[in-house]
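Take a look at the structure below.
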Amino acid sequence: MLMRSRGVVLDVVYDGRCGVCTRAARWLERRDRRGRIELHPAQRPGVLERFGLSDAAADAAAWVFERGTGRSFRGAAAVNRALDEVCVFPVLLSLYRVPGVRWAQDRAYGWVAEHRSRLRGITPWCTVHPEDCAAREARA
């Protein structure tokens, strides 16, 4: 069973072109009272290289990397891991391992990811930092 590692810093990589993703990242940031989460829009120069992600992997899902442990999480597992870090009673990642729960959460995450451009978000990170996003778009 996966358990939260106390004192571990999490690096969260998200799609900075997405208003829903940017909103979720800001929500995590506001609730991170212990300063254990660092947010990284995938479009910021050097982020993909730092975490060993391809453009396709970063576009497909959010990612969480635990510093010092080498563990990484993608999609719904990444969301659960990040939420566990900011919650008072961390149980979400453990629940994610229950048969059927993982399947349902992975499907829900996939649906949201596929429809995120039509969901209500906030001003995407890339709108605020167009020079960084333009550099990644030029590479593609």
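Among the residues of the range 5-22, just one is surrounded by fewer than 17 Cβ atoms within 10 Å (Cβ to Cβ), out of contact with any strand residue (DSSP E or B) (no Cβ under 8 Å at 6 or more places or on another chain) and either modelled with pLDDT of 90 or more or among the basic types (Lys, Arg) (or both), namely Arg6.
Among the residues of the range 36-47, the one identified as over 18 Å from Leu10 (Cβ atoms) and surrounded by 15 or more Cβ atoms within 10 Å (Cβ to Cβ) is Gln43.
Residue count for the range 48-58 satisfying the condition of being out of contact with any Phe, Trp or Tyr (no Cβ under 8 Å at 6 or more places or on another chain) and buried (at least 19 other Cβ atoms within 10 Å of the Cβ): 2. Checking Glu38, Glu66 one by one, the residue that is at pLDDT 90 or above, among the acidic types (Asp, Glu) and under 26 Å from Trp103 (Cβ atoms) is Glu66 and no other. Considering the conditions (1) farther than 20 Å from Leu39 by Cα; (2) free of Cβ contacts under 8 Å to residues at least 60 places away in the same chain, Ser117 is excluded by exactly one of them, (2). Considering the conditions (1) on the phi > 0 side of the Ramachandran plot; (2) in a helix (DSSP H, G or I); (3) not basic (Lys, Arg), Glu114 is excluded by exactly one of them, (1).
For the range 122-137, a residue qualifies if it is surrounded by 16 or more Cβ atoms within 10 Å (Cβ to Cβ) and farther than 24 Å from Gly35 by Cβ, and the qualifying residues are Pro124, Cys126, Cys133, Arg136. Restricting Ala62, Ala78, Ala25 to those that are of a type outside the set (Ser, Thr, Tyr), surrounded by 13 or more Cβ atoms within 10 Å (Cβ to Cβ) and touching a Cys at 6+ places or on another chain (Cβ under 9 Å) reduces the list to Ala62. Scanning the range 29-81 for residues that are more than 19 Å from Trp125 (Cα to Cα), touching a residue at least 60 places away in the same chain (Cβ under 8 Å) and not in a loop (DSSP other than H, G, I, E, B) yields Glu66, Ala78, Arg81.
I'd like the residue in the range 82-95 that is touching a residue at least 60 places away in the same chain (Cβ under 8 Å) and part of a helix (DSSP H, G or I) and, out of all such residues, is surrounded by the most Cβ atoms within 10 Å (Cβ to Cβ). Before the answer, list the steps.
Initial filter on the range 82-95 (touching a residue at least 60 places away in the same chain (Cβ under 8 Å)): 82, 84-85, 90, 93-94.
Still in the running and part of a helix (DSSP H, G or I): 82, 84-85, 93-94.
Numbers: Ala82: 28, Asp84: 22, Glu85: 25, Leu93: 21, Ser94: 15.
Out of the qualifying residues, it is Ala82.
The values are calculated or read from the model by the stated rules, or taken from the named source; none is laboratory data. All figures in this text were calculated on a predicted structure; none of them were measured in a lab. Note that we place each Cβ from the backbone using ideal geometry, even for glycine, and neighbour counts take in every protein chain shown.
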